[in-house]
1. Indicate, rounded to the nearest 5 percent, the antiparallel portion of the DSSP beta bridges found entirely in the chain.
2. Round to the nearest 0.05 the FRET efficiency obtained for R162 and R19 when R0 = 30 Å and r is the Cβ-Cβ distance.
3. Would you mind getting me the FRET efficiency between R140 and R77? Use the beta-carbon distance for r and R0 = 35 Å, nearest 0.05.
4. Along the charge dipole of the chain, pointing to its positive end and built from +1/-1 on Cβ of Lys, Arg, Asp and Glu, which listed residue (L186, H17, G255) has its Cα farthest out?
5. Filter the GluC sites (Glu not before Pro) in segment 321-390 down to the DSSP loop ones having no more than 13 other Cβ atoms within 10 Å, then list what survives.
6. What percent do you get for the relative contact order of the chain when only Cα pairs under 8 Å and 6+ apart count?
7. Take the residue pairs K105/K138; K39/K105; K138/K355; K39/K138; K61/K184 and return only those whose Cα atoms are more than 32 Å apart.
8. Mind checking which of F272, A115, L56 is farthest towards the positive end of the chain's charge dipole, using Cβ charges of +1 (Lys, Arg) and -1 (Asp, Glu) about the Cα centre?
Amino acid sequence: MLGAQRLMGRKRRLDRHERVMVTELDSDGIGLAEADGFKLRVRGALPGEQVSVRVLRRRRKQLEGQAEVLWQPHVDRVPPPCPWTARCGACVLQHLAPASQRDLKRAHLAALLAAEGVVGPARWLPDVTGPVTGYRHKARLGVRCVPGRGALIGFREPASSRVADVDACRILAPAVGEHLADLKRLIGSLDTAAAVPQLEMACGDDDAAIVLRHLEPLSATDRERLLQHAAKSGWQLYLQPGGPETVHRLWPEHGSEYLHYGLPEFDLRFAFHPLDFIQINPAVNRRMVSLAVDLLSPRTTDRVLDLFCGIGNFTLPLASRAAAVTGVEGSAELVLRAQDNAMANAAALGGSSVKFVVADLYAGDFDVRTLPAADLLLLDPPRSGAENIARDIASMAPRRVVYVSCHPATLARDARLFAEGGYMLTTAGILDMFPHTAHVESIAVFEPG
Ligand SMILES: C[S@@+](CC[C@H](N)C(=O)[O-])C[C@H]1O[C@@H](n2cnc3c(N)ncnc32)[C@H](O)[C@@H]1O
């Protein structure tokens, strides 16, 4: 009896409409409201909006729903630029004007800093912006074969792990994003279509590559179909039959296996493999690197440390200004690429010393005192941040720290640790690396207080 009552209560709460006021966005870009004493997550709604929500599911003590009628829309609400917005969960903020998206991201970072008790920043930088469509030069897309519908390729559906059914993507670089329908037809035509779970796309300034993961060997006909399509599209085509070490190029047969992007302000050109980490938004990357170098302001006598350096994206621009730069990176493969990039760009680096070191900066026994002494420090960690570096900042004693962050919660935590070590947050800003999505990229400066 009790079970039946519970079930009825649960049903009553689902598939009905609630009129609510959305108070804020969560870190996934979903509106938050309250209904019936329950927290309600509302897709498609913005802070300050009064909306009717269709309640679709309950997860633990939380209801989830979709905004259906807007009684009081946000003043900066705009029509979503993408026609597949209802099917694809990647761009959760595209119904808000880009400047307001950035205002929300800045407010989110400020709130996280305040919640950690961090004082500052005294100065907010102007947002670093770039194009809001066609900006994404690197992405992993899901692939799924659906009987009767062929192959689907895209990001995931809202609140689901299912691959979204779209024919184009407005945020991907047009060289690939405008050709998803072709790619769907190609993959749907393969004998092994059902064994293709994902593909990765990577674009350089002038070239593009696709890496196709396949869980079964390709037939001779499949290889031929792929070769013909690659030759027609001009994309480099890589196959990945197993782990990352199995990636190999199918087309073209000859020539460099690398893509390239430039940082013209520094007269630098970087080579990277399609699976290497690169900053996904080249326009924002150019401005971000320039800003980071300005904020750090190396003197010609300075020694600089660039932690989590990847292929040398910040290391080489810094080397063109400072006496010596050491880049530290966990991936030996990326360090090799960084060394090659340093050699290929030797002319732009003048006589500066550039070194790269492989080290696991998250290892429990990692000791910052093993790092070379530095006057200035640049950090660009993954989402988990740089807790151990922030905790030991006093023993490193740099004159200034520039921290580039892809996760505001860990930046806020690390800002508190920096403060405990005597380094104050003086300056911060939003980098619009991922327009329309909930991702918040930011930059912060710390100096001894
Ligand atoms: C956000 S990326 C930044 C890369 C580079 N600064 C750039 O601008 O292209 C973070 C980097 O941290 C590296 N990384 C991840 N875990 C690491 C670890 N445990 N120790 C050192 N580096 C690590 C990744 O390989 C990646 O290159």
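Please treat every number below as a calculation from the coordinates, not as lab data. Small disclaimer: the values here were computed from a predicted structure and weren't measured. Neighbour counts run over all protein chains shown; Cβ positions are idealised from the backbone, glycine included.
1. On the way: 60 of 93 bridges.
If we restrict to bridges inside the chain, about 65 percent are antiparallel.
2. Values: r = 29 Å, r/R0 = 0.98.
It comes out at approximately 0.55.
3. Details: r = 30 Å, r/R0 = 0.87.
About 0.70, to the nearest 0.05.
4. Farthest along the dipole direction, towards plus: H17.
5. Details: sites: E329, E333, E387; in loops: none.
In loop regions of segment 321-390 (DSSP not H, G, I, E or B), there are no sparsely surrounded GluC sites (Glu not before Pro).
6. Working: 979 pairs, mean separation 59.6, N = 449.
Result for the chain is 13 percent.
7. Values: K105/K138 22 Å; K39/K105 22 Å; K138/K355 27 Å; K39/K138 35 Å; K61/K184 39 Å.
Exceeds cut-off: K39/K138; K61/K184.
8. Going by the charge dipole, the pick is L56.
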